[in-house]
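The values are calculated or read from the model by the stated rules, or taken from the named source; none is laboratory data. Quick caveat: nothing in here was measured; it's all calculated off a predicted structure. Cβ sites come from the backbone with ideal geometry, for glycine too, and all protein chains shown count toward neighbours. Note: areas computed on protein heavy atoms with side chains; ligands, DNA, RNA excluded. Shrake-Rupley method; radii C 1.70, N 1.55, O 1.52, S 1.80 Å.
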Amino acid sequence: MNLERVMDYIEANEQSFVDQLVNFLKIPSISAQSKHRPDLEKAADFLVREFNRLGLTVEKIKTDGNPLVYAETPPDPSRPTLLVYGHYDVQPVDPLELWKNPPFEPKVENGVIYARGSSDDKGQLYAHIKALEAYLRTGTELPANVKFIIEGEEECGGHNVYTYTEQNADKLACDAVIISDTTMFDADTPAICYSLKGLCFMEIRVKGPAQDLHSGSFGGTVQNPGNAVATIVARLKNSRGQVKIPGFYDDVLDLDQSERDAFASLNYSDRVLRQETGAPRAWGEAGYTTLERMWARPTCDVNGIWGGYSGEGAKTIIPASAGAKVSMRLVPNQKPAEIAAAFEKYVRRIAPRGVAVEVLNLHNANPVLVPRDSAMMQAGMRALEKGFNRKPVFIREGGSIPIVGTFQKALRAPVLLLGLGLSTDNIHSPNEKFHVSNFVNGIRTAAHLLVEASK
């Protein structure tokens with residue numbers, strides 16, 4: 001198929017596409033904060049209007065939480081069908097004082113769009129919508145049917161899209177699921193991610209005295225919950241970076257030599273890691289390279305610790321309670337429910353006497369591993385090379401996209417993780433950004449993908 005008209009349309013409308021994305025990014029659709037519920041409705045409505053303008057069949061689907069948006073092109077049974085997934089909700093913006101400009105007042109500077117949601121995931125999702133527009137506005141025949149299912153709870157762990165997918169598998173039936181919510185390998189190297197880590201997210205709550213106590217009057221007479229939490233956290237890992245929870249590594253799928261060789265060929269150095277993170281040095285599980293630890297080894301990390309007084313000046317107390325949130329990123333073959341049970345058992349065993357301990361399992365997600373040699377993966381690689389004019393590589397990623405496992409199970413379709421962002425895009429952090437060139441090349445890639453998938 002000759003895509004000259006499609007590519008000409010994309011080139012002629014680059015600035016218009018950026019301006020439209022900016023309008024999408026202005027909507028503060030933070031799903032973790034209830035005050036933004038009206039903004040989540042606005043973001044869903046923005047997408048509904050987009051699809052209506054393109055003449056698609058569109059539904060705004062009510063749920064117990066935030067709405068889903070479904071859209072589809074007129075079906076042609078002679079063509080393959082692609083289902084594009086994305087999310088319109090975004091992360092909270094705290095700490096606000098670290099943003100160089102307001103997070104929902106997008107700024108385009110030196111070819112970079114700065115705004116919350118620019119890379120995760122509004123910008124990446126929007127590239128697929130604009131690619132479809134290029135076909136429809138130029139009258140170019142679509143080589144594949146396209147469906148969209150877009151949610152507003154990805155960033156807050158909502159489950160409505162899982163339930164909807166399981167209950168509407170026939171409606172969402174497709175030959176492949178396309179997700180752009182991952183990253184390229186680096187600024188010069190596009191990539192397809194073939195494995196995501198799973199997630200087991202836990203909370204530890206430690207309770208001691210009935211109320212805060214004077215540390216002089218009662219110090220040394222009762223167990224301090226703050227000290228107890230510190231003791232528990234300190235015993236989750238050893239000095240070699242290995243997780244001490246019994247059975248934690250039992251089901252880990254080890255890397256084969258071809259994967260280790262492929263990782264090594266990418267020449268990711270600890271110097272690059274320090275540049276990307278600002279950390280003084282690399283550290284992690286002994287016996288593995290940085291990329292192997294990042295992409296293919298399970299982890300256990302404290303996400304937050306609280307308890308007692310942390311304001312200005314002194315307040316000498318023994319806190320009544322303290323706690324910690326701990327996330328464990330899991331690799332293929334590890335089972336979140338089993339890891340959660342092992343975690344709780346271990347925490348209760350190592351907790352100091354004199355406190356009451358509660359362990360909560362807040363969120364689970366299964367790890368994902370996609371065959372690299374499938375026809376759809378190869379189609380994605382060809383599309384990326386044409387869209388970015390660079391040869392792509394295969395990568396793993398340390399993050400999680402929980403819906404992938406549901407798509408695999410309910411739809412029995414391959415999932416293509418076509419990342420357009422960069423690991424340095426500051427997602428979930430202040431000053432999130434998305435390069436305009438990646439956005440535009442992503443539109444071109446999505447346009448080529450429809451052709452390559454049809455083959």
(request) Identify all residues within the stretch 11-58 that are in contact with a Phe, Trp or Tyr (Cβ under 8 Å, 6 or more places away or on another chain), farther than 22 Å from Gly157 by Cβ and assigned to a helix (DSSP H, G or I); write none if there are none. (result) Phe17, Val18, Gln20, Leu21, Asn23, Phe24, Leu25, Phe46, Phe51
(message) Residue under question is Ile192, and the condition is that it be of a type outside the set (Ser, Thr, Tyr), in contact with a helix residue (DSSP H, G or I) (Cβ under 6 Å, 6 or more places away or on another chain) and under 30 Å from Gly111 (Cβ atoms); does it hold?
(response) yes
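A quick yes/no check of all residues on (1) in contact with an Asp or Glu (Cβ under 6 Å, 6 or more places away or on another chain); (2) open to solvent by less than 30 Å² (accessible area, probe 1.4 Å); (3) under 14 Å from Gln408 (Cα atoms); (4) of a type in the set (A, V, I, L, M, F, W, C):
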{"residue": "Phe148", "(1), (2), (3), (4)": "no, yes, no, yes"}
{"residue": "Glu166", "(1), (2), (3), (4)": "no, no, yes, no"}
{"residue": "Leu172", "(1), (2), (3), (4)": "no, yes, yes, yes"}
{"residue": "Ser180", "(1), (2), (3), (4)": "no, yes, no, no"}
{"residue": "Met184", "(1), (2), (3), (4)": "no, yes, no, yes"}
{"residue": "Cys193", "(1), (2), (3), (4)": "yes, yes, no, yes"}
{"residue": "Leu196", "(1), (2), (3), (4)": "yes, yes, yes, yes"}
(message) Here is a check on your reading of the model: is Ser400 crowded, with 20+ Cβ neighbours inside 10 Å and touching a residue at least 60 places away in the same chain (Cβ under 8 Å)?
(response) yes
(request) Answer with yes or no whether Thr316 is open to solvent by 40 Å² or more (accessible area, probe 1.4 Å) and either in contact with a strand residue (DSSP E or B) (Cβ under 8 Å, 6 or more places away or on another chain) or without any contact (Cβ under 8 Å) to a residue 12 or more places away in the chain (or both). (result) yes
(request) Output the residues belonging to the stretch 198-257 that are within 33 Å of the chain's Cα centre (by Cα), open to solvent by less than 90 Å² (accessible area, probe 1.4 Å) and of a type in the set (Ser, Thr, Tyr). (result) Thr231, Tyr249
(request) Please go through the stretch 326-335 and pick out each residue that is crowded, with 18+ Cβ neighbours inside 10 Å and assigned to a loop (DSSP other than H, G, I, E, B). (result) Val331, Pro332, Gln334
(request) Would you point out the residue of the stretch 64-80, among those that are open to solvent by less than 20 Å² (accessible area, probe 1.4 Å) and of a type outside the set (A, V, I, L, M, F, W, C), that is farthest from Lys455 (Cα to Cα)? (result) Gly65
(request) Please state which one of Ile61, Ile27 is at negative phi, touching a Lys or Arg at 6+ places or on another chain (Cβ under 8 Å) and either among the aliphatic types (A, V, I, L, M) or open to solvent by less than 10 Å² (accessible area, probe 1.4 Å) (or both). (result) Ile27
(message) Can you go through Leu83, Leu68, Leu132 and tell me which one is in contact (Cβ under 8 Å) with a residue 60 or more places away in the chain and more than 24 Å from Ile192 (Cα to Cα)?
(response) Leu68
(message) Against the conditions (1) modelled with pLDDT under 95; (2) among the basic types (Lys, Arg); (3) under 19 Å from the mean Cα position of the chain (by Cα), where does Lys409 fall short? Just the number, please.
(response) (3)
(message) Name the residue that is least open to solvent (accessible area, probe 1.4 Å), counting only residues in the stretch 342-375 that are over 20 Å from Pro225 (Cβ atoms) and part of a loop (DSSP other than H, G, I, E, B).
(response) Val370
